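Peer 1: Pasting a structure below so you can have a look.
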There are 2 protein chains.
Amino acid sequence: MTITTAEENYLKAIFKIAEKEGKAVLTNSIAAAMNTAAASVTDMLKRLAEKQLIKYEKYRGVELTEEGNRTATVLIRKHRLWEVFLVEKLGFAWDEVHDLAEQLEHVQGEPLVDRLDSFLGFPRFDPHGDPIPDAQGRWTFRQQVRVSLLQPGDKGIVTGVDDHATPFLKYLDQIGLGLGVEVLLVNRTEYDQSVQVRIGGKSEVMLSEKVAQNLFVVVSY
Amino acid sequence: MTITTAEENYLKAIFKIAEKEGKAVLTNSIAAAMNTAAASVTDMLKRLAEKQLIKYEKYRGVELTEEGNRTATVLIRKHRLWEVFLVEKLGFAWDEVHDLAEQLEHVQGEPLVDRLDSFLGFPRFDPHGDPIPDAQGRWTFRQQVRVSLLQPGDKGIVTGVDDHATPFLKYLDQIGLGLGVEVLLVNRTEYDQSVQVRIGGKSEVMLSEKVAQNLFVVVSY
DNA sequence: AATAATTTTTAGATTAACCTAAAAATTTGT
DNA sequence: ACAAATTTTTAGGTTAATCTAAAAATTATT
């Protein structure tokens, strides 16, 4: 049973929504995530259920089966490995790689993924700090915290971003923030929830609540 | 005007047939090359003509337009660069890369191709010795000769293969032949057109006419 | 040159993946 | 608890890319 590119994309979307929202994934969430009409989603859900990739109950939402989960995991693994390749080897910026990886993730061939993984040195995180499952589908977890939750004096290393959109990433580049950079929270303004941070022990900048919420660090003591 | 993957594949097939056969490319040659029904080809030719990618006259065959030619050239460039990547960087054997490159060549994004080219050091030939057009679509030519045409005492460096199929490539591996290897023609047997060759100044093997015809060398004096 | 053989096109279907509009089911609010 | 609002599904269509079978055009043969 072959799985089409469209089917793969639905599985990935379902996986990601389930990861975030927990419970059964509803038709409309999928439609929103994929920018398609709800009717198209219903069509596809029937097909995926037929192929045993999801458990589907009309009006009740869906859940991935073992097989569907495996497929989605491999897809995310491929996507993130290709992102590492594009940034580390081809020199793309972290805000330029999503669309390319979106295409590359659909290239079929198991040996390809695993050789790519090896070529890249088995990275466990992609250029945005998201974890890359290994060949057995195992994830690496980290104790990440949003900068918006730090207290004055808290220090951490930037390990990820929640918003992956270009404007945010370009802004971070501009103020000298990126993965691996040290951030020290100097103080918080309660009025607008903005925070003052010292970056890499050098410059100091003010981050709006929105920015601070989209930035993850692993706290260092 | 976007060009679909299927359209790209037809353009590439037309380009390759035209390259080999010279004149106008006929429906049946395309059907044979693509393993599709002639009727499907006719359908597609109409679409490609509509998009100004080919010049098409019913029953008379087709020719690529400037634009069609450019598209096919870029596609071949991408295919061959990815093959170099797969062999040089990921360690695939030269007989394993065709199907993967067939998928990778359809990944869209100009900067990707050019960065890949640069990452690979601007190779001018792929792992089978086929030329890779540069970013301006220019080809590198070489004075290649089939081993079947060498005379006793003639010496050359293997620079390409005509048959790209796995059994042939695996056979070459087995007897120690590959790109860059030196071949000296020891003598010819007129009866069956087989040739005796010395490989890399070491081992000596007999090559059937078929093998000798599928192997290219650049003669060294 | 007429007929036979071959090649190509047309006609008519199919499938995956989408759509809009309308109907049905579920959830929410008073 | 029932009407209103929302969500989801069904019904009916479209497009790209394929197919088979039949018709038409071209090429080859006697």
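The values are calculated or read from the model by the stated rules, or taken from the named source; none is laboratory data. Since the model is a prediction, treat every value here as computed from it, not as a measurement. Cβ placement follows ideal geometry from the backbone for every residue including glycine, while neighbour counts extend to all protein chains displayed. Ligands, DNA and RNA are stripped out before the accessible areas are found, and what is left, the full protein with its side chains, is counted by its heavy atoms. Shrake-Rupley method; radii C 1.70, N 1.55, O 1.52, S 1.80 Å.
Peer 1: Counting alpha carbon pairs within less than 8 Å and at least 6 residues apart, what relative contact order, in whole percent, applies to the range A:137-212?
Peer 2: 28
Peer 1: Same structure again: Kindly provide the helix-only [θ] at 222 nm of chain A, computed as the sum of -39,500 (n - 2.57) over DSSP H runs of four or more divided by all residues, to the nearest 500 deg cm²/dmol?
Peer 2: -12000 deg cm²/dmol
Peer 1: Can you run phi through the Karplus equation (6.51, -1.76, 1.60; θ = phi - 60°) for the range B:169-182 and list ³J(HN,Hα) in whole Hz, with x for Gly and Pro?
Peer 2: Coupling constants for the range B:169-182: 5, 5, 5, 4, 3, 4, 8, x, 9, x, 4, x, 7, 7 Hz.
Peer 1: By how many degrees, 0 to 90 and rounded to 10, does the Cα axis of helix B:66-84 deviate from the longest principal axis of chain B?
Peer 2: Once rounded, one gets 40 degrees.
Peer 1: Further question: How much net charge surrounds A:Leu81 when only the other residues with a Cβ under 12 Å from the Cβ of A:Leu81 are counted, with Lys and Arg +1 and Asp and Glu -1?
Peer 2: Value of the local net charge: -2.
Peer 1: Then there's this: Can you list residues whose amide H is under 5 Å from B:Leu215's amide H, if they're 5+ apart or on another chain and H is modeled 1.01 Å from N?
Peer 2: Under 5 Å from the amide H of B:Leu215: B:Val147, B:Ser148, B:Asp162.
Peer 1: Further question on the same structure: Any idea what angle helix B:110-119 forms with the longest principal axis of chain B, computed on alpha-carbon atoms, 0 to 90 degrees, nearest 10?
Peer 2: For helix B:110-119, the angle is close to 20 degrees.
Peer 1: A:Gly61's amide H: which non-local residues (gap 5+, or another chain) put their own amide H closer than 5 Å, with H modeled 1.01 Å from N in plane and none for Pro or chain starts?
Peer 2: A:Thr27
Peer 1: Something else: Can you give me the Cα centroid spacing of the range A:132-186 and the range B:1-32 in angstrom?
Peer 2: About 49 Å separates the Cα centre of the range A:132-186 from the one of the range B:1-32.
Peer 1: Are there any chymotrypsin sites (Phe, Trp or Tyr not before Pro) in the range A:106-201 that are in a DSSP loop and have at most 13 other Cβ atoms within 10 Å? List them by number.
Peer 2: A:Trp139, A:Phe141, A:Tyr191
Peer 1: Here is a follow-up. With the cut-off at 1.5 for a/c, could you classify the range B:145-220 from its C-alpha gyration tensor as rounded, prolate or oblate?
Peer 2: Verdict is rounded for the range B:145-220.
Peer 1: Taking the solvent-accessible surface of protein heavy atoms with a 1.4 Å probe, what is the per residue accessible area of the protein assembly as shown in Å²?
Peer 2: It amounts to 52 Å² per residue over the protein assembly as shown.
Peer 1: Taking the Cβ of B:Gln213 as the centre, find all other residues whose Cβ is under 14 Å away and add up their charges (Lys, Arg: +1; Asp, Glu: -1).
Peer 2: Net of charged neighbours comes to -1.
Peer 1: Right, something else. Angle, helix B:38-50 long axis vs. longest principal axis of chain B, Cα atoms, 0 to 90°, nearest 10?
Peer 2: 60
Peer 1: Quick one: net charge of B:Arg47's neighbours, Cβ under 13 Å, K/R +1, D/E -1?
Peer 2: Around B:Arg47, the charge tally is -2.
Peer 1: Need one word for chain B: rounded, prolate or oblate. Basis is the Cα gyration tensor (sqrt eigenvalues a ≥ b ≥ c); a/c below 1.5 gives rounded, then a/b vs b/c decides.
Peer 2: It comes out prolate by the Cα gyration axes.
Peer 1: Can you list the distances in nanometres, one decimal and ascending, from the B:Glu209 label point to the identical position in each other copy, with the point 7 Å along Cα to Cβ?
Peer 2: With the label placed 7 Å along Cα→Cβ, B:Glu209 yields 8.5 nm.
Peer 1: With a 1.4 Å probe, how much accessible area is buried between chains B and A, both sides summed, in Å² to the nearest hundred?
Peer 2: For B against A, buried area totals roughly 1600 Å².
Peer 1: Also, I was wondering about something else. Relative contact order for chain B: what percent, with Cα pairs under 8 Å and sequence separation of 6 or more?
Peer 2: That works out to 15 percent.
Peer 1: Follow-up question, since we're still on this one. Output the relative contact order of the range B:1-102, whole-number percent, from Cα pairs under 8 angstrom with separation of 6+ residues.
Peer 2: Relative contact order of the range B:1-102: 25 percent.
Peer 1: Can you bin the range A:1-72 into rounded, prolate or oblate? Criterion: square roots of the alpha carbon gyration tensor eigenvalues sorted a ≥ b ≥ c, rounded for a/c under 1.5, prolate for a/b above b/c, oblate for the rest.
Peer 2: It is rounded, given that a/c, with a ≥ b ≥ c, falls under 1.5.
Peer 1: Restricting attention to the range B:113-221, which GluC sites (Glu not before Pro) occupy a DSSP loop and are surrounded by at most 11 other Cβ atoms within 10 Å?
Peer 2: Passing sites in the range B:113-221 are B:Glu190.
Peer 1: Going 7 Å from Cα along the Cα-Cβ axis for the label, what nanometre distances separate A:Arg124 from the same residue across the other copies?
Peer 2: Relative to the other copies, A:Arg124 has label-point distances of 4.6 nm.
Peer 1: Which of the trypsin sites (Lys or Arg not before Pro) found in the range B:16-125 are loop residues per DSSP with 12 or fewer other Cβ atoms within 10 Å of their Cβ?
Peer 2: When the trypsin sites (Lys or Arg not before Pro) of the range B:16-125 are filtered for loop state and at most 12 Cβ neighbours within 10 Å, B:Lys23, B:Lys58, B:Arg60 remain.
Peer 1: Of the heavy-atom accessible surface of the protein assembly as shown (probe 1.4 angstrom), what whole percent is carbon and sulfur?
Peer 2: 51
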